[in-house]
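Note sheet for the following structure.
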Amino acid sequence: AAAAARAERDALLRERDGHRAQGLGDDAQQRRDAAAQQLSLLRESNATLRAEANGARSTADSLRGELRRLRERVADPRDRQKAELKAKLDAAERAKESHERDATAWRRRVGALLAR
């Protein structure tokens, strides 16, 4: 697109210079000059917008990376804490089951002793 714009601008400039030599009217020449100037402004504007877009893209990429790192830092302690609490819960459930077995065994013994 930039190469096509340059080629068109160069063609307009050559045409302008050729028509000046032929003595064309000022009105046609002014229109061609304005078109060449607009084309030049568009090229500069496109280059500026591309540079700004690249800068914004770079900033967005770095911010995404920082966000990912922060999420990992926050998620890691939570995952660790969750695993610790799950282990405590499992241990408490095993202890409860063991106590229930012991209580059942004692009830049977007491019942057997009372039945004699």
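The values are calculated or read from the model by the stated rules, or taken from the named source; none is laboratory data. All figures in this text were calculated on a predicted structure; none of them were measured in a lab. FYI the Cβ positions are ideal-geometry reconstructions off the backbone, even for glycines, and counts take in every protein chain you see. Side chains included, ligands, DNA and RNA excluded: accessible areas come from the protein's heavy atoms. Shrake-Rupley method; radii C 1.70, N 1.55, O 1.52, S 1.80 Å.
A compact table of results
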item	result
Kirkwood Rh, Cα atoms: Rg over Rh of segment 50-94	1.47
Base-10 log of normalised Debye intensity for the chain (one unit scatterer per alpha-carbon) at q = 0.20, 0.22 Å⁻¹	-1.06, -1.13
Structure-based [θ]222 nm, the chain - -39500 (n - 2.57) summed over DSSP H runs of at least 4, per residue, nearest 500	-36000 deg cm²/dmol
Hz values of 3J(HN,Hα) by residue in segment 103-109 - Karplus curve (6.51, -1.76, 1.60), Gly and Pro given as x	5, 5, 4, 5, 4, 4, 4
Note, ³J(HN,Hα) from phi for segment 111-116, Karplus 6.51, -1.76, 1.60, rounded to Hz, x at Gly and Pro	x, 5, 5, 6, 6, 6
Candidate aspartates and glutamates for bridging to Lys82, where Cα separation is under 17 Å - those fewer than 8 sequence places away on the same chain excluded	Glu72, Asp90, Glu93
Contour minus Cα-Cα distance for Ala91 and Leu41 (0.36 nm per residue)	10.6 nm
Where labels lie 7 Å past Cα in the beta-carbon direction, separation of Gln81 and Ala11 in nm	6.8 nm
Per residue solvent-accessible surface (Å²) - the chain, probe of 1.4 Å	86 Å²
